[in-house]
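Contents: one structure, followed by commentary.
The values are calculated or read from the model by the stated rules, or taken from the named source; none is laboratory data. Keep in mind it's a predicted model, so treat the numbers as computed, not measured. Reconstructed Cβ throughout: ideal geometry from the backbone, glycine too, with neighbour counts over all protein chains shown. Side chains are part of the model used for accessible areas, which takes the heavy atoms of the whole protein and leaves out ligands, DNA and RNA. Shrake-Rupley method; radii C 1.70, N 1.55, O 1.52, S 1.80 Å.
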Amino acid sequence: MNTPAFYLSMALRRSRRFPASLLTFAALSVTAGAAQAQAAAINQVGYLPGGAKWAALPAGAGDEFRLVRVGSGDVVLRGRLGRAQTWAPAGQLVRLTDFSALTEPGEYELRAEGVPASPRVRVAADAYAALTAASLKAFYFNRAGVTLEPRHAGRWARPAGHPDTEVLVHASAASEKRPEGTRISSPKGWYDAGDYNKYIVNSGITVYTLLAAWEQFPALFKAQKLDIPESGNDLPDVLDEVLWNLEWMLTMQDPADGGVYHKLTNKSFDGNQMPHETRGERYVVAKSTAATLDFAAVMAHASRVFKPFEAQRPGLSARMQQAARDAWRWAQANPKAVYRQPADIKTGEYGDAKLDDEFAWAAAELYITTGEASYREALALEKQPIGVPSWSDVDGLAWMSLAQNSGKLPKADAELVARRVRGFGDELAATWRASAYRLTMQAPTDFVWGSNAQALNQALMLIQAYRLSNERAQLDAAQSVLDYVLGRNPLGMSYVTGIGQRTPLHPHHRPSGADGVEPPVPGFIVGGPNPGQQDQKDCPVRYPSKQPALSYIDHDCSYAANEVAINWNAPLVYVSAALQALTK
Ligand SMILES: [Ca+2]
Ligand SMILES: [Ca+2]
C-alpha cells in the first residue's frame, strides 16, 4: 500500500515544533454520526484500589455522576462533576470527576445525564501487571537478527532478518584499522521504531529507563514471566531483554579508540516488508560525541546493575565499566563530533548539537559507578539544569541516577539532588493541579513528536520526586499521565496496541503492516498527538484537527503521530511498573 518513495521521504528525526487541529470522537467511532455525544473518557486498562481515579466528561453532562456495578446494577458511588473548563491543548470544554473514593475491586460503568455510559471502569489490585509485561514484551517483538518462534510470539511469529554479522564500515566511520568497506559483526539489538535500523543515541535513554525500572522495582520484575526464549534461565527476564540490546551496543564501540558509531543502518529505509524480505547492505556510520557519551552513561549504569550477577555473567560488569571509561576518554578527546548525516545516508538522523547534557549524564553515571573525583568534577552538578528527559535531552537522567544513589554522594550533593528533584516534581504537580484536564501536558512544547513519551517522561520525573518526598500529589499526577495515554484523553483512545478498549489498529510499524495478521503487534505505544503533522504530505487521509491534543490519525502512513519507538515504550514500562509498585 505504501510506496517505497513514501518511505524514502520519511524523516525519523523526531523534531520539536508546535502549532496545531479536530479529530472528533465521531470520526473514530465505529457506530456513529457526527451528532453522537462523547462518552466519559477513562483509563481503559483500569485503576488501582488505592490510586487516584479521574474521568473526563463533555461539558454537556449533567451535574451528577454515579458509578454502577456491572451485573448487579448497584450504585456504588455518587458525586458531583467539576465545573466545565476549557483544556487549551484540545480547545474543548470538559468536566472532570474524581472518583478516588471507589476502592473496591470490580467492574463499573460511569454514568451522568446526557452522556453515554462509559467504557468499563475496572478496579483491580494488579491493574497494571499485564500492561507492564506487554509493553516490555514489545521489545522482544522488535528484536533484530532472530526468528520469533510461535511459542513465544504467537501469531506474530516471523523469520529472522537483519543478522548484521557482516556490516560495512561507511566512509564516514573509516579509521586506520578499519578502513572504508571493512566488514564487522554487530548482531542483535532492537529495531528502533517502525523501521529496521539501530541507533545508539535512542538506545541510550531506552536501555537506561528499562534498567532503572528493574533497579527501583525489582520484586515486581522478579515475579514477572515474559515468555521470551530466556524465560526460566538464570536471569530475570527484564535483564535478558535489555541484554539483547546491550550486547549489540558493545559491538558498536571501536576497540581501537573507544569511540562509538552513531548508528547501524541501511542507506535508505527498507520498504513495507517483513525483516527477512529486506535486501541491501548495512553500515556502521560516523562515530559521534552524543552516541559515545550515551553509550558511556548506559554502560556505566549497566555495570552497576549487572554487578550482583557476576556468577551468572562472569566478567560482564567489569567489561561494561571498561567500555564506559574508554568511551568517556574518546569523548574528552572529541568533544564536538556532532553527527552530520552523510549525503548517501537517508535514515533517521538523531542529530543533537547540544551536548552538555550528554556530558553531564555520562559523568554522573561514571561517578556513581567508580566514585572517582575526576568524574564528579566533570559533572559540575550545581550548574546542571533539570528537565523532562528525551533522547536528545538527558540531564533529567543524571538527576534521576544521582537521586537513586544519593547514599553514595557527599552530604551537600545529596541535599542538592533531593532539593532539585523534589522541586521539579512540585512544579509538575502544580501544573497538574491547575489543569482543566488534570494533566501535566499543558504547554505547546509538550505536544512534540512523540508527545505520549513526553507525558510518560513527565510521570517518570514525578515518580523520582515522589520517592524522595512521599508527596501524594506527585504520585497522583503520575497516575493522571498513565490515565491519559490509556484513554482519559479527548479522543477516548488507549494509545497502546492491543491494550484497552479502543486502541491503534494501524501503527506505523513495518512488521504490523506487512505480516498479514490483522491485529498489530501488541504492547507498543504510538507517538501520539503531534500538531506538527509532518507526515500530512505522505498521508492519504487528513488530520481532522490542528489542536495539539487532537492531532492524531490511526493510519500506517503516519510516522509523525502513529509510529512506535523503543524510547517511547520504555517509559511506559517504567511508569506502569512504578504505579503498580508504589500505590498503596
Ligand atoms: Ca530469564
Ligand atoms: Ca543533548
If a residue has to be among the aromatic types (Phe, Trp, Tyr) and within 16 Å of ligand 2 (Cβ to nearest atom) to count, how many in the range 186-235 make the cut? 2
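Look through the range 231-250, keep the residues that are part of a helix (DSSP H, G or I) and within 6 Å of ligand 1 (Cβ to nearest atom), and return whichever of them is farthest from Val573 (Cα to Cα). Show your work before the answer.
So in the range 231-250, the residues part of a helix (DSSP H, G or I) come out as 237-250.
Keeping just the survivors that are within 6 Å of ligand 1 (Cβ to nearest atom) gives 237, 240.
Values: Asp237: 13, Asp240: 15 Å.
Among those residues, the one meeting the criterion is Asp240.
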Conditions (1) surrounded by fewer than 18 Cβ atoms within 10 Å (Cβ to Cβ); (2) touching a Phe, Trp or Tyr at 6+ places or on another chain (Cβ under 8 Å); (3) more than 26 Å from Val573 (Cβ to Cβ) -> Thr445 fails only (3)
Please go through the range 242-285 and give me each residue that is surrounded by fewer than 24 Cβ atoms within 10 Å (Cβ to Cβ) and more than 17 Å from Pro163 (Cα to Cα), ordered by number. Asp254, Pro255, Ala256, Asp257, Ser268, Gly271, Asn272
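Out of Gly371, Gly351, Gly396, report the one residue that is of a type outside the set (Val, Ile, Thr), more than 16 Å from ligand 1 (Cβ to nearest atom) and crowded, with 20+ Cβ neighbours inside 10 Å. Talk me through it step by step, then tell me what you get.
Working: Gly371 fails: crowded, with 20+ Cβ neighbours inside 10 Å; Gly351 fails: crowded, with 20+ Cβ neighbours inside 10 Å.
Answer to the check: Gly396.
Could you check how many residues of the range 401-425 are among the charged types (D, E, K, R) and surrounded by 17 or more Cβ atoms within 10 Å (Cβ to Cβ)? Spell out how you get there, then give the answer.
To start, the set of residues in the range 401-425 that are among the charged types (D, E, K, R) comprises 408, 411, 413, 415, 419-420, 422.
Next, only the ones that are surrounded by 17 or more Cβ atoms within 10 Å (Cβ to Cβ) stay: 413, 420, 422.
Summing the residues that are among the charged types (D, E, K, R) and surrounded by 17 or more Cβ atoms within 10 Å (Cβ to Cβ) in the range 401-425 gives 3.
Do we have Ala360 as among the hydrophobic types (A, V, I, L, M, F, W, C), more than 16 Å from ligand 1 (Cβ to nearest atom), under 24 Å from Ser172 (Cα atoms) and open to solvent by less than 20 Å² (accessible area, probe 1.4 Å) here? Don't jump to the end; show me each part of the working.
Values: among the hydrophobic types (A, V, I, L, M, F, W, C): yes; more than 16 Å from ligand 1 (Cβ to nearest atom): yes; under 24 Å from Ser172 (Cα atoms): no; open to solvent by less than 20 Å² (accessible area, probe 1.4 Å): yes.
Against the criterion (among the hydrophobic types (A, V, I, L, M, F, W, C), more than 16 Å from ligand 1 (Cβ to nearest atom), under 24 Å from Ser172 (Cα atoms) and open to solvent by less than 20 Å² (accessible area, probe 1.4 Å)), Ala360 does not qualify.
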Which pairs turn up if I take residues in the range 216-233 that are aromatic (Phe, Trp, Tyr) and look for partners that are assigned to a loop (DSSP other than H, G, I, E, B) with beta carbon separation below 9 Å, at least 6 apart in sequence or on another chain? Phe221/Pro236
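Evaluate the following for Lys225: is it within 20 Å of Val521 (Cα to Cα), open to solvent by 40 Å² or more (accessible area, probe 1.4 Å), assigned to a loop (DSSP other than H, G, I, E, B) and at pLDDT below 95?
Answer is yes for this residue.
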Taking Gly258, is it touching an Asp or Glu at 6+ places or on another chain (Cβ under 8 Å) and within 16 Å of ligand 2 (Cβ to nearest atom)? no
Quick one: in the range 339-374, of everything that is near ligand 2 (Cβ under 10 Å from one of its atoms) and hydrophobic (A, V, I, L, M, F, W, C), which residue is nearest to Ser268 (Cα to Cα)? Ala353
Tally the residues that are open to solvent by less than 10 Å² (accessible area, probe 1.4 Å), among the β-branched types (Val, Ile, Thr) and over 28 Å from Ser406 (Cα atoms), restricting the search to the range 448-492. 1
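One line per residue, one yes/no per condition, for (1) in contact with a His (Cβ under 9 Å, 6 or more places away or on another chain); (2) open to solvent by 30 Å² or more (accessible area, probe 1.4 Å); (3) not hydroxyl-bearing (Ser, Thr, Tyr):
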residue: Thr503; (1), (2), (3): no, no, no
residue: Asp515; (1), (2), (3): no, yes, yes
residue: Pro531; (1), (2), (3): no, no, yes
residue: Asp535; (1), (2), (3): yes, no, yes
residue: Gln547; (1), (2), (3): no, yes, yes
residue: Gln580; (1), (2), (3): no, yes, yes
